[in-house]
1. Counting only residues that are surrounded by fewer than 15 Cβ atoms within 10 Å (Cβ to Cβ) and free of Cβ contacts under 8 Å to residues at least 60 places away in the same chain, how many does the range A:183-210 have?
2. Can you pull out the residues in the range A:30-49 that are in a helix (DSSP H, G or I) and facing another protein chain (nearest Cβ under 7 Å)?
3. Mind checking which residues of the range A:133-182 are within 11 Å of the chain's Cα centre (by Cα), free of Cβ contacts under 8 Å to residues at least 24 places away in the same chain, more than 8 Å from every other protein chain (Cβ to nearest Cβ) and part of a loop (DSSP other than H, G, I, E, B)?
4. Could you list, in sequence order, the residues of the range B:36-80 that are closer than 22 Å to residue A:145 by Cβ and within 14 Å of chain A (Cβ to nearest Cβ)?
5. Considering only the range A:96-115, state which residues are under 18 Å from residue A:34 (Cβ atoms) and either away from chain B (no Cβ under 14 Å) or in a loop (DSSP other than H, G, I, E, B) (or both).
6. Can you pull out every residue in the range B:41-57 that is touching a helix residue (DSSP H, G or I) at 6+ places or on another chain (Cβ under 8 Å) and in a loop (DSSP other than H, G, I, E, B)?
7. Does residue B:190 satisfy the criteria of being in contact with a helix residue (DSSP H, G or I) (Cβ under 7 Å, 6 or more places away or on another chain), more than 13 Å from residue A:22 (Cβ to Cβ), at pLDDT 95 or above and in a helix (DSSP H, G or I)?
8. Can you confirm whether the range B:104-119 contains a residue that is free of Cβ contacts under 8 Å to residues at least 40 places away in the same chain, out of contact with any helix residue (DSSP H, G or I) (no Cβ under 6 Å at 6 or more places or on another chain) and within 9 Å of chain A (Cβ to nearest Cβ)?
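The values are calculated or read from the model by the stated rules, or taken from the named source; none is laboratory data. Note that the coordinates shown come from a computational prediction; the quantities given were computed from them, not determined experimentally. Backbone-built Cβ (ideal geometry, glycine too); neighbour counts: all protein chains shown.
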């Protein structure tokens, strides 16, 4: 017997709740556990993640090719075998020099190029696996309070897309769960009390009244 | 017995989920601002000067948490509350800069240690910035001084609670799905697809 429209909505709302939850389960665990690490920098496990290996080297390079700073930086990275998100220093470089940082969760490099001597100095940091996992939590290639920062590596965009998708899925799951709860008459009263407790404790901070 | 376990799990999943849901919405919504938002020209209000401040003795020589605890004695005198983000001593100029923040509000206090006066600049942030502030609070930076305001510690506790309850809800959610036999096949497929996407992206980024 075909389901009524209402029953179909209820069935799919319920299915979406656990389908989305199952698909994003590992993503959710990553952000939950790294959230704990980020908020508890004094934990031994968080401090262990701070250790990283540092290397410095210099290398002759071909004059970087390209019509923009970004293209020239990419050419320098290609010559040095570096990949990742480019971050420009706040101060403009001196004439005859090029300076930028390259990062991804597993490693980061500070690249300083002497364009006159065609020579690059690189300070390279290898992050521990735990540090790399933690960095994924914040790896967006963009800072909202820095106007010049923007994503320039395709894989950062892919990762950001998955962060957005998880956030959207969580919002859909929460809103869908309100409907599922509301349909359970016997659970409404206690549910209202619990939800009000959550809304008030969260809202106090959100409104900035403190 | 089995039915009791199922009922308890379902009820705890529901009620813990309802309690934590506003926090999940805050953390989820702020992701979009953190990933795509920009604060182009933060507008600071006109500075206000306060005189005859009581400056804690030896504050310019203190460091870390001690410095923050001393600086906190200055805040009520300039009518401020909030988390002290940092304290910077400019020894040559005999000035002390205190940065203060809380949801929807930022301030800097420039204290002249010689004249015992302070200039306060404030800024009211937008709602999206407030969400981002809460998302990142208490956060990984300046661990030794973070949580120097009671409400930051309270939020940190709630943020931790959100994480622990989210983990609990996700694990009980897996159980509640698994007992529905008709949904196992699709669910397993989605679980596998999600895990494959996750590890595929991670591998591509770090390889």
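1. Residues that pass the stated criteria total 14.
2. Answer for the range A:30-49, where residues must be in a helix (DSSP H, G or I) and facing another protein chain (nearest Cβ under 7 Å): A:32, A:35, A:36, A:38, A:39.
3. A:143
4. Across the range B:36-80, the qualifying residues are B:36, B:37, B:38, B:39, B:40, B:41, B:42, B:43, B:44, B:80.
5. A:105, A:106 - these are the residues of the range A:96-115 that are under 18 Å from residue A:34 (Cβ atoms) and either away from chain B (no Cβ under 14 Å) or in a loop (DSSP other than H, G, I, E, B) (or both).
6. B:53, B:54, B:56
7. In short, no.
8. Yes - at least one qualifying residue is present in the range B:104-119.
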